[in-house]
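The block underneath contains the structure these notes are about, expressed in structure tokens.
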Ligand SMILES: Nc1ncnc2c1ncn2[C@@H]1O[C@H](COP(=O)(O)OP(=O)(O)O)[C@@H](O)[C@H]1O
Ligand SMILES: Cc1ncc(COP(=O)(O)OP(=O)(O)O)c(N)n1
């Protein structure tokens, strides 16, 4: 996975294409909308397969609905048959039925990085999918197809069923044992800021300053979408993980403090880019 040499790719060649599979955030900060902004910022073409819709703003989620698997299948076929993809990000996965459909379609991708951000609850505390049957489907079906899983500590405990585990290294190893090639546990240091990467062989601490701007809505989505884009462009995993964290950290610091009255959105277009 670390065989790439950098982000430049082939300047004369076609743009990298990335696909996000997730749900709409009506507030525009997270979900599909956040992912497409992150893809654009990272210089890749973004396509989307919408599996759910949320009524959401910076204060929280007030309603959700999932899209039928038939329509999800049509969207996947439309994108993959014509546009194709160099990287896939998976966010909200509402049901076991949806997850097994994704497994059935994504298993045919040949050496395309798949990043799984197993969203279960928004930071404001709203449930975004993830009943026990869905968690089992993620463990048994999606993780074995996943190149990098990017759960936060809570999601990592739920996925591994190690509910009391506090050590991000042990959680990351358990996720790799379940079949993912690598695990990147986000916000892994209580009191500090940064992530824990286990690349399947070695552990890496990714640290940086903790931002207190109040602009962190969509941070997790932006992080996993940027990681997908960097991998699609051929960046080595450890560098992609460090660059994704540094970019999101700046997007929190220079966040959209003028938008909404709750947890303001990250602002990916502000600040200079760390690559
Ligand atoms: N206050 C913060 N300051 C700096 N970086 C942060 C802060 N909060 C989260 N991050 C970073 O944002 C990225 C997304 O992490 P996280 O917020 O845990 O995602 P999620 O929304 O999925 O829980 C990670 O790289 C994490 O280290
Ligand atoms: C539609 C939708 N998908 C995912 C999320 C989670 O967003 P995330 O960036 O992980 O974090 P919060 O903004 O929820 O803290 C979401 N909220 N909506």
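The values are calculated or read from the model by the stated rules, or taken from the named source; none is laboratory data. Note that this is a predicted model, so its numbers are computed, not measured. All Cβ positions, glycine included, derive from the backbone under ideal geometry; neighbour counts span all protein chains shown.
Consider segment 188-197. How many of its residues are in contact with a strand residue (DSSP E or B) (Cβ under 8 Å, 6 or more places away or on another chain) and either over 29 Å from residue 112 (Cα atoms) or more than 7 Å from ligand 1 (Cβ to nearest atom) (or both)?
6
For segment 184-194, name all the residues that are assigned to a strand (DSSP E or B) and within 16 Å of ligand 2 (Cβ to nearest atom).
184, 185, 186, 193
Sort out which residues of segment 136-157 are within 16 Å of ligand 1 (Cβ to nearest atom) and out of contact with any strand residue (DSSP E or B) (no Cβ under 9 Å at 6 or more places or on another chain), and write them in order of number.
If the condition is that a residue be within 16 Å of ligand 1 (Cβ to nearest atom) and out of contact with any strand residue (DSSP E or B) (no Cβ under 9 Å at 6 or more places or on another chain), then 157 is the only one that fits.
Take segment 198-213 and flag every residue that is more than 7 Å from ligand 1 (Cβ to nearest atom) and within 28 Å of residue 260 (Cβ to Cβ).
Of everything in segment 198-213, just one residue is more than 7 Å from ligand 1 (Cβ to nearest atom) and within 28 Å of residue 260 (Cβ to Cβ), namely 213.
Of the numbered conditions (1) within 13 Å of ligand 1 (Cβ to nearest atom); (2) out of contact with any helix residue (DSSP H, G or I) (no Cβ under 7 Å at 6 or more places or on another chain); (3) free of Cβ contacts under 8 Å to residues at least 40 places away in the same chain, residue 220 fails exactly one; give the number of that condition.
(3)
Which one of 130, 60, 84 is free of Cβ contacts under 8 Å to residues at least 60 places away in the same chain, on the phi > 0 side of the Ramachandran plot and either touching a strand residue (DSSP E or B) at 6+ places or on another chain (Cβ under 7 Å) or within 16 Å of ligand 2 (Cβ to nearest atom) (or both)?
130
Being in contact with a helix residue (DSSP H, G or I) (Cβ under 6 Å, 6 or more places away or on another chain), at pLDDT 95 or above and either part of a strand (DSSP E or B) or surrounded by fewer than 21 Cβ atoms within 10 Å (Cβ to Cβ) (or both) narrows it down to one residue among 174, 180, 169, 156; which is it?
So the residue among 174, 180, 169, 156 that is in contact with a helix residue (DSSP H, G or I) (Cβ under 6 Å, 6 or more places away or on another chain), at pLDDT 95 or above and either part of a strand (DSSP E or B) or surrounded by fewer than 21 Cβ atoms within 10 Å (Cβ to Cβ) (or both) is 174.
Of all residues in segment 93-124, count the ones that are in contact with a strand residue (DSSP E or B) (Cβ under 6 Å, 6 or more places away or on another chain), at pLDDT 95 or above and within 16 Å of ligand 1 (Cβ to nearest atom).
2
If I filter segment 195-214 down to residues being buried (at least 20 other Cβ atoms within 10 Å of the Cβ) and either on the phi > 0 side of the Ramachandran plot or not in a loop (DSSP other than H, G, I, E, B) (or both), which single residue comes out as farthest from ligand 2 (Cβ to nearest atom)?
Filtering first and then ranking leaves 198.
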